[in-house]
Structure formats: C-alpha cells, structure tokens
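Every number here is computed from the coordinates shown, using simple stated rules; none is lab data. Since the structure is predicted, the reported quantities are computational estimates derived from the model, not experimental observations. Positions of Cβ are generated from backbone atoms using ideal geometry, with glycine treated the same way; all protein chains shown enter the neighbour counts.
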Amino acid sequence: MSEKVLMKGNEAIAEAAIKAGCRFYFGYPITPQTEIAAYMAKRMPKIGGTFLQAESEVSAINMVYGVAGAGYRVMTSSSSPGVSLKQEGISYIAGADLPALIVNVQRGGPGLGGIQPSQSDYFQATKGGGHGDYKLVVYAPASVQEMADYTIKAFDVADKYRLPVMLLADGTMGQMMEPVELPDAEIKEYDKSWAVRGTQMKREHNIINSLYLNPEELERTNFERFEKYALIEKEECLYEEYMVDDADVVLVAFGIASRISKNAVNEARKQGLKVGLIRPITLWPFPVEPLKKAAEHAKGFISVELSMGQMIEDVRLATECKRPVALCNRTGGMIPSPEQVLESIKKMLSEVK
Amino acid sequence: MTTQILIAGFGGQGVLFAGKCLAYEGLVENKQVSWLPSYGPEMRGGTANCSVILSDEPVGSPIVSNPDVLIVMNLPSLDKYEKDVVKGGKIFVDSTLIARKVERTDVDAFYIPATSMANELGIPSLANMIIVGKMIKETGIVTIESACEAMKKVVSARHQDMLDANIKALNAGYNY
C-alpha cells in the first residue's frame, strides 16, 4: 500500500496517467483543468516523456492523433470550450480506431460560458460530439481517488478496444483535494502490430486513416466498429447503487451531483423516506439494466444534474418512460444543494403516491 | 462525526493554505477529509474561501454551505457567512482586521488578534495559522500534536525554514 496523500483531482489524473505509462501529453491551458498541464510540464521531462503546450486545442488533439497512430499511450485535457475545439480530431481518432485519453473538466456553457463547475457537456461526450457514427467510452469519476483509478482504467480500455476514451469531470472534481492512493499500476501489454512505427523493411506498411471513398467499405468499417461497441456495452458498463432495493424514489446522478445526491438520500432516510441513488460511473455505456430493474418497484426517478437536463433523456429511455422522471438541476456554474434535492424528492413523493 | 469548516478572507492571507493544513491534520488522524477552494480570476486582494470537511465517515458533498466552524479573516466574509453557520456552531474572527462583533447569539464567537500577533512574533504572513491554532484549541477537532505533524507534510521541502514558523504560529494561537 502506498501512502495516502492529498491531491487535487486534476493532479491525480496527471499522476495516474504517468503511472499508466502515458509519456505524451499535449494540451492548451484553460480553467479549471490547467493543473493537469502544469503537473505534466513539471513531471514529463524528468521521466523521459513529452509535454508540449500546443498553439491551440485543435493542434493538441492532432498531436494526440499522431502519437496514438504510433501506438503509444497519449492524452490531452481541456475544459468545455476547448473540448469543443477538439471534436474534429476526436472524430478522426475514432474513425481511425486509435486508443487515446481525452479529459474534459467541465465548466459552464454554452460559448465561452464561465469557469465554475458544470455537467452540461453530457450530450457532447455521450452522443458523439464530433461528426459521424462513433462513440467514446465515458467515465464519470466522483472522487479524487476515482479520478486516478479511472484514468488508469481508461488507458486500458482504450488499448483493449482501440478507441478514444473520455474522462468527464467538472470544475469541483478537478479543484478539490482528497486523500488518494496511487500505487504503481500494472501496465498491460496490448497488441500494437497495427501501429506506424517503421517497418524495419520486414513487413508491409501499416496505414492509419479515416478516409474511405468507397461507401461499401466505409459502411463495413462502421458495422465492425458497432460490433465492438456492442461488446463494450456488455463488458464495460459500470455503476454504483446506493439504497435502491426498497426505494420509492431513485435519484440518478454522476460526478459531483452524485455526492450531493448521496447527502440528500441520507437525510431523506433519516426522515423515513425510502430514497436511493443510482450513480452511472460509465455514462456510455449507460447503465440501462439497473434503471430498468429499479423501475419495477420505484414510483419515480429524479435526474440530478448540473445542466438544463441532459442525462434525463437517457434515464427516460432506460426506464422506457414507465415511471415519471423529474429533473433537479442548477446550471451555468451553480450547484444544487442537498436541501434542493430533498425538496424535489418530497415533491415527487407527494405527486406519485 | 462530521465537521464542516469554512475559511474565508482576502486572497493572499493564506486562507486556502490554512484549509489545506486542516485537511492534512485530519489525514494524520486517519479521518476522511475533503478540501474545496473557491476558484476564480481573483488574485491577491480578491476574496478567497475554502470548504474543508473532516469526518469519521466517507465525505459526501465537499461543498460547505452551512459550516459548523467558520473562520473569517476580513469583514466582507463575516458579513457574508455569519448567517450560514449552524446553530451552536463556532465563529473565529481575526479581531485585528474585523472591528465588529458577531451579531448572532446562537453561536459561539471567538476573537483573536491574529494579524497583530503575527506581526509581533515576526511572522507577519502567518495570521492564518495562528487562527487555526486557536480553532483547534476551542473545537478539539484534532490534537495540536497532529497539527504540528501535518505541517511537515504541507510545508514543501523547498521551504523547510517555514516549518518552524508555522509551528510557532499554531502554538501561539493554541495558547492564546
């Protein structure tokens, strides 16, 4: 066991990436995730890695594309407006079936928005973001320890399935400090015979590309990619259930909103109200099964979000609209209080009977 | 048991640092802890605050909106947060910088001239740790020994000369 240290969420991501064998970081500073770049700037040169502050987010994501094509673990990080800029590159990386980690420490939007925490990039992260038929595996950590753990996991899943993975955090998760343990990660070896690292004159050239002018061929690559996605949906979906078994009202929340919701669940239980929480840890694949199951006994669901209501659509889909789904939210950098969540719970209980 | 602490003042007074020390003090005593800063474009002279939670159970929301303990190092912070403190909570006031008294009667108020004490002790930048020392004494949230132990983790290797100064400040507040 390594010693517990206090770290900011952003720093934990950076250190965990290094532990996972990532030796290439490309980025451009933006609040509230700049500590990731700062940490990498300090550490990478000392361990023979590369830190490069690109001239823009567009440039950084294309550097990621390049290194990913060469088969090395690579990442970039940004916050909402910066992640929008990266979308073209992310689509290319997905189209070329390359592993990479993209971190989004979200802030309020749209536009330049603000710098306070938000979860309003849920659609962008889970529904494509860039153009074309593709998906990212999206992790939504809810503690500094999880920021580290799912960074390491993200690199593994990216390599295992050859696809870009996103860690979707928010300003609070990035800025807060909690005790974290960072043991040396076991770095698994994956087949990278597809990488463009030089042929040594011994084999045919590998080609990394996302352009298919022949529509039959492009359709086939999309079909194949979606077979991979189907496997991921089966194998990689993660979630946490908290007091769901007998719950009349089930909260659904991820990241910082799930921690606030947990406080509300505890307070509700103290008052004798049967309330539980389902916390998606992967936002894609979305935990459909536990929600479907909960819909058999719960009278209603409340999606707690730092947005105008984005995940709520997936909650409705997962529960097949069998039960009412309400929204409890703040947006633009504001954060709902446990009291606000508790009020929503009471309102729903009075409506559903 | 869970203690929610809010520390507020001007940027540059070491408000965030004081919170970080408290979090480490909790860690030394094997408590669950969280530290969340206000972050924004403000630099020295702007407002700064941080939420610190020390608990025997896993910390839920890291955001402190109704503190059990409030430490204020300037008047705007007292004006803003006095009403939020829970009934029976404790408010610690740097009485060098804040002339007025706490108006509420359902909380315990403690006044310590931390800034002038720091100046007299020749450690003018450490009023923050003096007031933390006083808070530890009055709340018993951690022991003074743990607090001093934690300083060794917080003060970076580059600034070891500051370690003694910080411990001096903690003790000055504790014994006030």
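For region A:319-330, in order, what is each residue's ³J(HN,Hα) by Karplus, 6.51 cos²θ - 1.76 cosθ + 1.60 with θ = phi - 60°, in whole Hz (x at glycine and Pro)?
Residue by residue, region A:319-330 yields 8, 6, 6, 6, 10, x, 10, 9, 10, 10, 8, 9 Hz.
Using a ≥ b ≥ c from the Cα gyration tensor of region B:1-142 (square roots of the eigenvalues), is it rounded, prolate or oblate, where a/c under 1.5 gives rounded and otherwise the larger of a/b and b/c decides, a/b for prolate?
rounded
Cut-off is 10 Å between beta-carbons; in what order do A:26, A:254, B:10 appear when sorted fewest neighbours first?
With the fewest neighbours first, A:26, A:254, B:10 line up as B:10, A:26, A:254.
At a Cα cut-off below 18 Å, give the lysines reachable from residue A:293, other chains included and same-chain residues fewer than 8 away excluded.
Hits, sequence-local ones excluded: A:234, A:274, A:322.
For residue A:100, list long-range residues whose amide hydrogen, built 1.01 Å from N in the peptide plane, is under 5 Å from its own amide hydrogen.
A:163, A:165
Highest GNM mean-square fluctuation, chain A, Cα pairs closer than 10 Å: which of A:114, A:132, A:171?
Result for chain A, Cα springs under 10 Å: A:132 fluctuates most.
What is the pair-distance distribution P(r) of region A:107-146, computed from all Cα-Cα distances in 10 Å bins starting at 0, with each bin given as a whole percent?
Bins of 10 Å from zero give 25, 43, 30, 2 percent of pairs.
Would you please give the residues with an amide H less than 5 Å from that of residue B:11, counting only those at least 5 places away or on a separate chain, with H modeled from the backbone geometry?
So residue B:11 has HN proximity to B:45, B:46, B:47, B:48.
Between residue A:302 and residues 5 or more places away or on another chain, which pairs have amide H atoms under 5 Å apart, with H built 1.01 Å from N, and which residues are they?
A:250, A:251, A:252, A:326
Given points 7 Å out from each Cα along the Cα-Cβ axis, report the residue B:32 to residue A:42 separation in nanometres with one decimal.
A separation of 2.8 nm, rounded to one decimal place.
Apply the Karplus parameterisation 6.51 cos²θ - 1.76 cosθ + 1.60, with θ equal to phi minus 60°, to every residue of region B:147-164 and state each ³J(HN,Hα) to the nearest whole Hz, in sequence, with x for glycine and proline.
4, 5, 4, 5, 4, 5, 7, 7, 6, 5, 4, 5, 10, 4, 4, 7, 4, 4
Mind listing the phi-derived Karplus ³J(HN,Hα) values for region B:61-66, rounded to whole Hz, using 6.51, -1.76 and 1.60 with θ = phi - 60°, and x for any glycine or proline?
Here the 3J(HN,Hα) series is 5, x, 8, 9, 9, 10 Hz.
Mean-square fluctuation check for chain A, GNM, Cα pairs under 10 Å: which of A:263, A:329, A:206 is largest?
Among A:263, A:329, A:206, the largest mean-square fluctuation in the Gaussian network model of chain A belongs to A:206.
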